[in-house]
Structures are given as C-alpha cells and as structure tokens.
Amino acid sequence: MFKEIRPTLVLLGAFTLITGGLYPVVVTAIAKAAFPAQAEGSLIVRDGKSTGSTLIGQSFSSAKYFWSRPSATSPMAHNARASSGSNQGPLNPALAEAIRGRIAALKASDPQQGAPIPVDLATASASGLDPHISPAAAAWQAPRIARERGLPRGQVDALIALHTEGRQFGVLGEPRVNVLALNLALDALNK
C-alpha cells in the first residue's frame, strides 16, 4: 500500500516546496529588483517616517484637509484588513440613508458651498480603500481649504491641478487626485 501512496507524498512535498517556498521567494526578489517602491507598498516617507501609502486611502476629518471618499470598511474607515464594499444595492434603503447622511454632513461642513456635491464624496468605493477622489471632488472642497488655511483660492486650485493624475496610458480610468499626496503638499505650503 505504501508503494502506491509514496509517489503522491513525494509530489505533494515537492510541489509544496516549489509553490509554497521557492516560487514566492523568486517572485518577491524579482519584484524588489524591478519595482522597489511598489514591492514595499508604495509608501510615502516624510522626514524618515512613513506617512501612508499612495495605494490605500486615509481618513481626514479636519476642515483644513481634503477629505477622501467615504469608506465602507469597519470597524474603522480605510481599514485594509477589512477591505470590502457595503454590498448594498442601489435600491437598498440603508444605502440611500447613508448617502443622505453624507450629503448632509458635507453641506454642514461648508454651508457657503452651493455647488452640487460630486458623487464620489457621497458614495464609498468598492474596496473602501480608494486613495483618490475626482478633480471635481477636490474642486468642491477647495473653497473650504482656502478659507481654513488662509490661502488664495487660485493657489489651492493650482495645487489640485498639479496633483491631478491623468488616465492610465491615456485611455484607462478617469483623471484622479491622490488625497494623501495633496494634503502633504498643503502641509508643505504652510511650513
């Protein structure tokens, strides 16, 4: 009986070593050599300290910062260990109520702002970790940022334009603004 099982056990052990050990080590080594920043998580480092990643959103609640898209992760927003969407469909009353609440909070945060609220400021992203907002969402927040920081509106608009990334390869996706990078640039202005 062992004679029939032995080849199976040998193959199981060999493939476990290859696919569970050797392959991950080789792929990681190639990634670190070819794409060192991305292999380490695309971290943003300021003054020798990691302040976040360009790939994972962060929550900002102060009125002097641009705010990210809402996050459906829990127990805290933008929790990478709990990445998921709300899984609520467009006809779900809980989703409609959450969006109404977000819109009310946005209007309360800047009563002077009369422009329509961009959809990405009221709806969560699919993963709950989206680090980007649309240029329209950044422009909607610009008057509040300018007021709170005592900056000319034109300077805030120029900063948004500087941090707006175009479509990938010129055709994929939509123009976007990385919220963390934009907020770090704002902090650099006020130093």
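Just so it is clear, none of the values below were taken in a lab; they were calculated from the coordinates. Predicted, not measured: the structure shown is a model, and the values here were computed from it. Note: ideal-geometry Cβ built from the backbone for every residue, glycine included; neighbour counts use all protein chains shown.
Work out how much length Thr51 to Gln112 would gain on full extension: take 0.36 nm times their residue separation and subtract the Cα-Cα distance, in nm to one decimal.
Length gained, Thr51 through Gln112: 18.8 nm.
Give the peptides 97-103, 23-29, 64-70 in descending order of average Cβ contacts within 10 Å, highest first.
Packing order, densest peptide first, comes out as 64-70, 97-103, 23-29.
If each DSSP helix of 4+ residues adds -39,500 (n - 2.57) and the sum is divided by the residues in the chain, what number results at 222 nm, nearest 500 deg cm²/dmol?
Dividing the helical sum by the residues of the chain leaves -14000 deg cm²/dmol.
How would you rank 111-117, 166-172, highest first, on the average number of other Cβ atoms within 10 Å across their residues?
Averaged packing, sorted descending, gives the order 111-117, 166-172.
About the Cα centre of the chain, what is the dipole size in debye to 20, counting +1 per Lys and Arg Cβ and -1 per Asp and Glu Cβ, all else neutral?
220 debye
Hey, if you put +1 on the Cβ of every Lys and Arg and -1 on every Asp and Glu Cβ in the chain, which of Thr123, Val26, Val179 ends up farthest toward the positive end of that dipole?
Val179
Have a look at Ala158, Phe66, Gly170 and report the one farthest towards the positive end of the charge dipole of the chain, computed about the Cα centre with Cβ charges (Lys/Arg +1, Asp/Glu -1).
Farthest towards the positive end: Phe66.
Sort 137-148, 1-12, 153-164, 30-41 by the packing proxy (mean of other Cβ within 10 Å over each peptide's residues), most packed first.
137-148, 153-164, 30-41, 1-12
Is region 1-40 rounded, prolate or oblate when judged by the Cα gyration tensor, a ≥ b ≥ c being the square roots of its eigenvalues, rounded requiring a/c under 1.5 and prolate requiring a/b larger than b/c?
prolate
Compute the Cα gyration tensor for region 21-152, then decide on rounded, prolate or oblate, letting a ≥ b ≥ c be the square roots of its eigenvalues: rounded whenever a/c is under 1.5, prolate when a/b is larger than b/c in the other cases, and oblate in all that remain.
Because a/c hits 1.5 or more and a/b fails to exceed b/c, region 21-152 counts as oblate.
What is region 138-191 by shape, rounded, prolate or oblate, if you read a ≥ b ≥ c off the alpha carbon gyration tensor as root eigenvalues and call it rounded for a/c under 1.5, prolate for a/b larger than b/c, and oblate otherwise?
Prolate is the answer for region 138-191, as a/c is 1.5 or above and a/b outweighs b/c.
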